[in-house]
Amino acid sequence: MGEIEAEQGMWQVRPTTGLGGEARVPPDKSISHRAAMMGAIAEGTTVIDRYLEAADTLATLESLRAFGVEIDGPDGQGRVVVRGRPASRGGLAEPERPVDAGNSGTTLRLLMGLAAAHPIFWVATGDASLRRRPMGRVIEPLSRMGARIWARQGDRAPLAMRGGPLRAIAWRGPVASAQVKSAVLLAGVQARGVTRVDEPALSRDHTERMLPLFGVRLFAGPGWVELEGPQTLQGCHLTVPGDPSSAAFLWVAAAMHPGSRVRVSGVSLNPTRVEVLRVLSEMGAQVQVEPASPPSAPEPWGDVTVVGPERLRPFRIAGRRVPLLIDELPVLAVAALRAQGTSLIQEASELRVKESDRIEALARGLAALGAQVEALPDGLRIEGPQRFPGGVADSCGDHRLAMSLAVAALAGDGPSVVKGSRCARISFPGFAEVLDLLARAGGGRIEEAA
Ligand code: S3P
């Protein structure tokens with residue numbers, strides 16, 4: 001293995017005839033980001049249990065520290081303690097150096113909203129993937145609220161921002177994006193007047209669920225949120241549930257292999273995050289949900305078992321379902337390789353501006369394994385069922401693609417290699433070990449190449 005390949009990691013995958021067992025997945029990425037950010041402007045102390053210790057959410061903690069926020073942890077057990085800097089304590093401090101959001105769009109976009117009300121100048125950047133992603137969708141509403149933002153090529157990082165007193169706005173953006181909604185709400189809660197966000201379709205609703213836990217009064221319905229600022233957040237105690245977007249790789253792997261049974265415990269059952277379970281059940285998988293939330297849960301959670309059926313039905317996903325499945329679409333496209341008929345993903349051009357162009361990169365990655373999927377301008381067409389030999393595929397540095405390709409490789413006829421696997425630690429450290437344990441039930445393996 002070359003030096004660069006060794007650094008970027010590589011999985012060797014042997015196909016399986018089935019998966020079995022019980023697993024836990026890492027804590028939810030979206031909830032972890034938000035808990036730390038809200039804690040950063042709250043009065044008093046916020047204690048977060050089971051904070052996700054992965055590259056994206058560690059980038060959020062490092063970024064917040066650059067704004068003078070005191071943070072203890074994570075301590076290896078997932079406990080993080082955030083001492084907030086609300087306006088009454090002088091607010092966020094001006095960072096002395098550029099803030100690096102790494103690979104994390106959520107870190108950068110939510111931070112922009114969080115810091116917009118603070119009279120400080122700061123510069124933000126990220127890795128090559130983040131520097132390619134569009135930031136105009138947050139620059140526009142935040143500029144209308146009164147923040148000044150200068151960006152490379154108008155809407156790319158690196159960017160510079162000077163915040164200050166904000167005006168509330170009513171925002172109806174063209175894309176259904178939880179990141180945009182959250183950026184506007186985090187700015188709006190610190191702005192004078194009524195801020196309202198209307199989404200073209202409902203996106204994940206963690207921000208509007210979590211702000212009230214910090215004492216914020218708001219009104220929300222399907223696709224809209226309204227709050228009157230300024231309001232001071234009060235620190236609180238939260239425990240983060242398992243991430244359903246991480247669990248999705250295990251659930252899909254189970255659904256693809258008849259007779260498999262995989263149980264994931266302690267995962268968020270937030271209805272804006274578990275649409276993937278509805279799709280799997282429409283495809284014919286058996287899905288059992290056992291709700292069980294601990295007292296400091298910010299959202300409903302529980303244990304979910306997926307059983308693989310003899311035959312999988314194809315799906316068509318478009319319109320309002322897309323934002324509810326946005327992170328699960330690549331692995332659902334993989335599931336469609338085993339379905340009896342044509343599956344379609346449409347109206348999902350947002351996939352092109354994620355950590356990679358997930359439409360092209362997935363089509364290329366699956367082709368490298370010998371499977372054919374057709375890239376559409378706004379989605380994918382997958383003919384099933386397909387048998388494919390396996391091969392050597394590349395993650396393109398995208399964590400969800402690396403994991404989707406590993407799930408695909410388990411269903412190949414022969415062994416495969418997934419290059420660039422280390423990026424899985426962006427959201428799911430330990431992914432290969434977890435999937436390996438489950439896949440051994442049917443003779444499959446997924447191992448780090450030495
Ligand atoms: C996220 C929202 C989604 C999702 C991302 C996390 C969030 O992005 O893809 O992984 O935590 O708000 P968009 O809201 O931009 O679609």
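Points worth noting:
- Helix-derived mean residue ellipticity, 222 nm - over the chain, DSSP H n ≥ 4, -39500 (n - 2.57), to 500: -8500 deg cm²/dmol
- Shape class for region 303-450: rounded, because the ratio a/c of the largest to smallest gyration tensor axis (alpha-carbon atoms, square roots of eigenvalues) is under 1.5.
- Region 382-450 versus region 99-158: alpha-carbon centroid distance in Å: 33
- Sorted by Cβ density within 10 Å, fewest first, the residues Asp413, Asp28, Asp436: Asp413, Asp436, Asp28
- Global form of region 193-286, assessed from the alpha-carbon gyration tensor, a/c cut-off 1.5: oblate
- Unit charges at the beta carbon, dipole of the chain: most positive-side option, Pro300, Leu329, Gly319: Gly319
- Shape of region 118-200, Cα gyration tensor, a/c cut at 1.5: oblate
- From least to most packed, judged by other beta carbons within 10 angstrom and beginning with the fewest, Val392, Val99 follow the order Val392, Val99.
- Cα centre as origin, Lys/Arg/Asp/Glu Cβ charges: the chain dipole, Debye: 900
- Rounded tilt (10° steps) of 244-256 against the dominant C-alpha axis of the chain: 10
- The Cα atoms of region 29-239 define a convex hull whose projected area, averaged across directions, is 9.9 nm².
- The C-alpha atoms of the chain define a longest principal axis, and helix 358-368 lies at about 20 degrees to it.
- Euclidean distance between Cα centres, region 10-55 to region 253-284, Å: 18
- The relative contact order of region 83-234, computed from alpha carbon pairs under 8 Å that lie at least 6 residues apart in sequence, is 20 percent.
- Rg/Rh (Cα only; Kirkwood hydrodynamic radius) as it applies to the chain: 0.97
Every number in this text was worked out from the coordinates using simple rules, so none of it is lab data. As the structure is a prediction and not an experimental result, all values here were calculated from the model. Neighbour counts run over all protein chains shown; Cβ positions are idealised from the backbone, glycine included.
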